[in-house]
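The values are calculated or read from the model by the stated rules, or taken from the named source; none is laboratory data. This one's a predicted model, so the numbers in the text were calculated from it and none came from an experiment. No Cβ is skipped: glycine too gets one built from the backbone with ideal geometry, and neighbour counts run over all protein chains shown. Keep in mind that these areas ignore ligands, DNA and RNA; they rest on the heavy atoms of the full protein, side chains included. Shrake-Rupley method; radii C 1.70, N 1.55, O 1.52, S 1.80 Å.
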Amino acid sequence: DVTGGEIFLRRDAIELLGYDLELPGGETVGPGQTFYVTWYWRARARPPGAQTIFLHVDGAGKRLNGDHVPVDGLVPVQMWDPGDVIVDRQLLVVPADFRAGTYTFYIGFFSGENRLPVTAGPKDDSNRAIAGTLVVR
């Protein structure tokens, strides 16, 4: 199942279509375990310059940082053409000190100190799209 919805990172540039989770516990993951997230992006226009994806999985006073170059650098963001759908599979490890609870996925794009603005969909005041949740058991 693809989770998510219409989230735009700069309405004229990048759209998050959704994501899939592959969790070892079916619908949950435990501390110290690995899991996969597959992100689905659509380029609405050529994105501005070289961008990196930031991912913050936040909750219970903890953060899992999943910053990465999409598609292992094989398809640089600045080369995305309008209409391209990019499938970006990411392996993450839940830190051993994570407590049970629900953690929120915050995601976006950055270059240097600048983040692309989130112009539609769930977001916070730090230009982070709120993409969904992860349940740690």
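Projecting label points 7 angstrom from Cα along Cα→Cβ for Thr28 and Arg42 puts them 3.5 nm apart.
Of the accessible area of the range 22-137, computed with a 1.4 Å probe over protein heavy atoms only, carbon and sulfur atoms account for 50 percent.
Once the 1.4 Å probe is applied to the protein heavy atoms, the chain comes out at 48 Å² accessible per residue. Normalised by 2.2 N^0.38 Å, where N is the number of residues, the alpha-carbon radius of gyration of the range 1-124 equals 1.06. Zone of Glu113 (label point 7 Å along Cα→Cβ, backbone N under 19 Å): which residues in the range 51-76? Backbone N within reach: 51-52, 54.
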